[in-house]
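The next block holds one structure in the form of structure tokens; read it before the comments.
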Amino acid sequence: MVAIAPMPASQTLLRDTVAHLNGIATLPEVTAKIIATVEDPKSSAAQLNKIVSHDPALVARILKVVNSAFYGLPGQVSSVDRAIVMLGLNAVKNIAVAASLGQMFRGVKLCEGFTAKDLWKHCLGTAVVARELARRSKLPLTEQAFLGGMIHDIGILIALQTWPEQLKSVCERAQSSGGFIECEQAIVGVDHSQLGEAVAARWQFPQSCRQVAAHHHHPENAPEADRALVTLTFIADTLCCQCGYGFPLTSRDQTIDLEAAAAVGIFADVIESVRADFGSIVESTANLL
């Protein structure tokens, strides 16, 4: 009889944490339905409209975003069905996800000097910067980049709700010695990339987003099919941290490998132009979501 090797402690901890997520953090039912609908290639704008229309608060949020400078559409859009036509299913899905996730990042202190709101500000900043990098690089990944940026650090939110004291210790140690992931592994036993990948799978996000959550600190480890998207998130995350936007502890020591970025179609001149315009890029969503 072949002996079965025991599961590593970190994997056991990860499995047990995700198994109890229903009591920790769940996406609203309407958001889960929206994700499932958009990811189904047989779904239609009419089906998405029917789901969204049942949530008046979400309707108001979508119309606010559609009519903002962020999208810069000509004229006012006054109905969700028109918004879906103008923006596309993926963009509406992203607004719904952003509206739902934003409610989870409220009023809790991460550590001295940082709150969950700072973490959300960083995630949203990463999302809009990644989207802009994709746009300026002419990569057909703008909406995927926005969603990837929003969820890349979702594992930290789960850690905050599961082990708040340990996460506080992680942040305090990282502030003085750096190496956020190393601190997580030493103090918690798993890091936010591992947690994020598991949660993204649990919430049925697209496979590409799961790769972003798993590899956004090491895009070279991502599957080749998803490496451009993960690299966009990595660069956006790095720029946000270097600019001190929101919660900068996870990536403040990262450096951008220009050769690796160029290999997936993101060139140095684009990165520097986004860095130069950073303030105006993130300002477009500062009070939006």
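Just to confirm my understanding: which cysteines in the chain have no other cysteine beta carbon less than 4.7 Å from their beta carbon?
So, 123, 183, 209, 240, 241, 243.
For a quick check: sort 150, 86 by the number of other beta carbons within 10 angstrom, fewest at the front.
Taking fewest neighbouring Cβ atoms as first place, the list is 86, 150.
Place a +1 charge on the Cβ of each Lys and Arg in the chain and a -1 charge on the Cβ of each Asp and Glu, then give the dipole magnitude about the Cα centre in debye, rounded to the nearest 20.
Values: 23 positive and 28 negative charges, 192 e Å.
Around 920 debye, computed over the chain.
Report the charge-dipole magnitude of the stretch 72-157 in Debye, nearest 20, computed about the Cα centre from +1 at each Lys and Arg Cβ and -1 at each Asp and Glu Cβ.
On the way: 10 positive and 6 negative charges, 29 e Å.
It comes to approximately 140 debye.
Which residue, chosen from 192, 144, 169, occupies the Cα position most advanced towards the positive end of the dipole of the chain, where the dipole is computed from +1 (Lys, Arg) and -1 (Asp, Glu) charges on Cβ about the Cα centre?
My answer, from the dipole projection, is 144.
Please report the spacing between the Cα centers of the stretch 213-289 and the stretch 61-77 in Å, no decimals.
So the separation of the two Cα centres works out to 25 Å.
Using the beta-carbon distance between residue 260 and residue 177 and R0 = 35 Å, what value does 1/(1 + (r/R0)^6) give for FRET efficiency, to the nearest 0.05? Present the calculation step by step, with values, prior to reporting the outcome.
On the way: r = 27 Å, r/R0 = 0.76.
Calculated transfer efficiency: 0.85.
Of [x] 23.2, 72; [y] 24.4, 89; [z] 18.8, 71, which one was derived for Rg and Dmax of the Cα atoms in Å from the structure shown?
[z]
I want to check the label-to-label distance for residue 277 and residue 161. Put each point 7 Å from Cα in the C-beta direction and report it in nm to one decimal.
Simple spin-label model gives 3.5 nm for this pair.
What do you get for the angle between helix 29-39 and the principal long axis of the chain? Use alpha-carbon atoms, 0 to 90 degrees, nearest ten.
For 29-39 against the chain, the angle is about 80 degrees.
List the relative contact order of the chain as a percent without decimals, with contacts defined as Cα pairs under 8 Å and 6+ residues apart.
Relative contact order of the chain: 20 percent.
Report, to the nearest 10°, how far helix 9-19 tilts away from the longest principal axis of the Cα atoms in the chain, using its own Cα long axis and a range of 0 to 90°.
With both axes taken from Cα atoms, the answer is about 40 degrees.
In whole Hz and in residue order, list the ³J(HN,Hα) couplings for the stretch 117-134 that follow from phi through the Karplus curve 6.51 cos²θ - 1.76 cosθ + 1.60, θ = phi - 60°; x for Gly and Pro.
For the stretch 117-134, the Karplus curve yields 5, 5, 5, 5, 4, 5, 5, 5, x, 4, 4, 6, 6, 4, 4, 5, 4, 5 Hz.
Could you work out the relative contact order of the stretch 159-289, using alpha carbon pairs under 8 angstrom and six or more residues apart, expressed as a whole percent?
16 percent.
Work out from phi, with θ = phi - 60° and the Karplus expression 6.51 cos²θ - 1.76 cosθ + 1.60, the ³J(HN,Hα) of each residue of the stretch 64-72, listed in order in whole Hz, and give x for Gly and Pro.
4, 5, 4, 8, 8, 5, 4, 9, x
Please rank 51, 181, fewest neighbouring Cβ atoms within 10 Å first, as an exposure proxy.
Ranked by crowding around the Cβ, least crowded first: 181, 51.
Using the beta-carbon distance between residue 71 and residue 45 and R0 = 22 Å, what value does 1/(1 + (r/R0)^6) give for FRET efficiency, to the nearest 0.05?
Approximately 0.85, to the nearest 0.05.
Identify the residues of the stretch 33-69 with backbone N under 12 Å of a label point that sits 7 angstrom from the Cα of residue 284 along the Cα-to-Cβ direction, or state none.
Residues passing the 12 Å test: 68-69.
Only helical DSSP H runs with n ≥ 4 go in: add -39500 (n - 2.57) per run for the chain, normalise by residue count and round the 222 nm mean residue ellipticity to 500 deg cm²/dmol. Can you show the working numbers first?
Working: 17 runs with 184 residues, N = 289.
Result for the chain: -19000 deg cm²/dmol, rounded to the nearest 500.
Along the charge dipole of the chain, which of 51, 91, 233 sits closest to the positive end, that is, farthest toward it, with unit charges on the beta carbon of Lys, Arg, Asp and Glu (+1, +1, -1, -1)?
51
Listed highest first by mean packing, meaning other Cβ atoms within 10 Å per residue, what order do 202-214, 252-264, 164-176 come in?
Highest to lowest by the protection proxy: 202-214, 164-176, 252-264.
Every number in this text was worked out from the coordinates using simple rules, so none of it is lab data. Just so we're clear, the structure is a prediction, and the values are computed from it rather than from any experiment. Heads up, the Cβs are rebuilt from the backbone with ideal geometry, glycines too, and the neighbour counts pull from every protein chain shown.
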